[in-house]
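Asks: First the structure, which I've put down as structure tokens, then a few questions once you've had a look.
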Amino acid sequence: MYAFELQRAASAADAVRAATAGAQPLAGGQSLLASMKLRLSQPGTLVDLAGIADLAGIRREGNALRIGAMTRHADVADSAEVRSALPALADLASHIGDRQVRAMGTLGGSIANDDPSACYPAAVLGLGATVQTDRRQIAADDFFLGLFTTALEPGEIITSVSFPIPQRAAYMKFKQPASRFALIGVFVAQTGGGVRVAVTGGGNGVFRHAGLEQALNASFTPEAAARVAIDASELSGDLHGSAEYRAQLISVMTQRAVAKALAG
């Protein structure tokens, strides 16, 4: 690990000033610190967000849940409010990584990092959530831009995410056994505006699947999802699974997610 300076922000304004000056925001550190240990990342200065109370917490706002960016995965998983209003999100959070990751990792850190196999981006995109930063609101469809790339500008910090509460939703993940990231994860949500299907683990980043959405809008059943052909040509393949294998997983995980949403 290279040498670095650690600053501790006492407020969101402090963090924004430090980030604007070039400091790298440190949320849960579950991805950043690992990359620093491997010398894949070399930030000269880190600004720790852990002490900013205003960036954590969960509250109901009408037909949405607003979750602070520094809210830990374990807190989302254990929240009675989330389990009642949006059980699919609590279930997703409860299966991220292991206990240590869930105890330290944060919602904001996960989506800002935008790992192509992370779980939270699937929920944000699948639910059509809105990302609130210190400067603006960003719709989920505009936030994720590709491999480890988001719409965040230099120095911009996520403060919270607003998740609309759907009619039904579920997330199914086929785990990569070593990392527990999603080899394929599918978040399905039936909303007033139609069905949304978000896939993680299949390529350079989370994406919506138009064919599955069209089929499930016509008939929200596992059988309808099973009839959709999944094109493997745009999916990634590696030692853990070929593109064709991932295409089959997308179909199977979608069918299981729909069945789970209907049962729940």
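The values are calculated or read from the model by the stated rules, or taken from the named source; none is laboratory data. Values in this document were obtained by computation on a predicted structure and should not be read as measured data. Neighbour counts run over all protein chains shown; Cβ positions are idealised from the backbone, glycine included.
Asks: One residue is enough: does the stretch 76-87 have a residue meeting the conditions touching a Gly at 6+ places or on another chain (Cβ under 9 Å) and within 22 Å of I157 (Cα to Cα)?
Replies: Within the stretch 76-87 (the criterion being touching a Gly at 6+ places or on another chain (Cβ under 9 Å) and within 22 Å of I157 (Cα to Cα)), the answer is no, since none of the residues qualifies.
Asks: Would you check if there is a residue in the stretch 127-140 being in a strand (DSSP E or B), outside the structural domain of E213 (by TED's automatic domain parsing), of a type outside the set (D, E, K, R) and touching a helix residue (DSSP H, G or I) at 6+ places or on another chain (Cβ under 6 Å)? Steps first, answer last, please.
Replies: Restricting attention to the stretch 127-140, the residues satisfying the condition of being in a strand (DSSP E or B) are 130-133, 137-139.
After this cut, where a residue has to be outside the structural domain of E213 (by TED's automatic domain parsing) as well, the list is 130-133, 137-139.
Within this subset, residues satisfying the condition of being of a type outside the set (D, E, K, R) are 130-133, 137-139.
Applying the additional criterion that residues be touching a helix residue (DSSP H, G or I) at 6+ places or on another chain (Cβ under 6 Å) yields 131.
Scanning the stretch 127-140 turns up at least one residue that is in a strand (DSSP E or B), outside the structural domain of E213 (by TED's automatic domain parsing), of a type outside the set (D, E, K, R) and touching a helix residue (DSSP H, G or I) at 6+ places or on another chain (Cβ under 6 Å).
Asks: Out of the residues in the stretch 173-223 that are of a type in the set (V, I, T) and assigned to a strand (DSSP E or B), which is surrounded by the most Cβ atoms within 10 Å (Cβ to Cβ)? So that I can check it myself, show each step before the final result.
Replies: First, pick out the residues of the stretch 173-223 that are of a type in the set (V, I, T): 184, 186, 188, 191, 195, 197, 199-200, 206, 221.
Filter once more, keeping what is assigned to a strand (DSSP E or B): 184, 186, 188, 191, 195, 197, 199-200.
Details: I184: 27, V186: 31, V188: 33, T191: 16, V195: 24, V197: 28, V199: 29, T200: 29.
If we take residues in the stretch 173-223 being of a type in the set (V, I, T) and assigned to a strand (DSSP E or B), then V188 is surrounded by the most Cβ atoms within 10 Å (Cβ to Cβ).
Asks: Let me ask something additional. Would you tally the residues in the stretch 88-124 being over 9 Å from the mean Cα position of the chain (by Cα) and either among the β-branched types (V, I, T) or surrounded by fewer than 22 Cβ atoms within 10 Å (Cβ to Cβ) (or both)?
Replies: Of the residues in the stretch 88-124, 16 are over 9 Å from the mean Cα position of the chain (by Cα) and either among the β-branched types (V, I, T) or surrounded by fewer than 22 Cβ atoms within 10 Å (Cβ to Cβ) (or both).
Asks: Provide a single number: the residues in the stretch 1-39 that are small (G, A, S), part of a loop (DSSP other than H, G, I, E, B) and surrounded by 19 or more Cβ atoms within 10 Å (Cβ to Cβ). Let's see the steps before the verdict.
Replies: In the first step, residues of the stretch 1-39 are kept if they are small (G, A, S); the result is 3, 9-13, 15, 18-19, 21-23, 27-29, 31, 34-35.
Cutting the leftovers down to part of a loop (DSSP other than H, G, I, E, B) gives us 3, 9-11, 21-23, 27-29, 31.
Still in the running and surrounded by 19 or more Cβ atoms within 10 Å (Cβ to Cβ): 9, 23, 27-28, 31.
Total satisfying the criteria: 5.
Asks: Restricting attention to the stretch 96-108, does a residue exist that is under 22 Å from R135 (Cβ atoms), among the aliphatic types (A, V, I, L, M) and part of a strand (DSSP E or B)? Show your work before the answer.
Replies: First pass over the stretch 96-108, keeping only residues under 22 Å from R135 (Cβ atoms): 106-108.
This time we only want the ones that are among the aliphatic types (A, V, I, L, M), so: 107.
Next, only the ones that are part of a strand (DSSP E or B) stay: none.
No, there is no match, as no residue in the stretch 96-108 is under 22 Å from R135 (Cβ atoms), among the aliphatic types (A, V, I, L, M) and part of a strand (DSSP E or B).
Asks: While we're looking at this one, here's another question. Output the residues belonging to the stretch 125-139 that are crowded, with 24+ Cβ neighbours inside 10 Å and farther than 15 Å from T71 by Cα. Before the answer, list the steps.
Replies: Here is the first cut: in the stretch 125-139, the ones crowded, with 24+ Cβ neighbours inside 10 Å are 125-127, 129, 131.
Listed by number, the residues that qualify are L125, G126, L127, A129.
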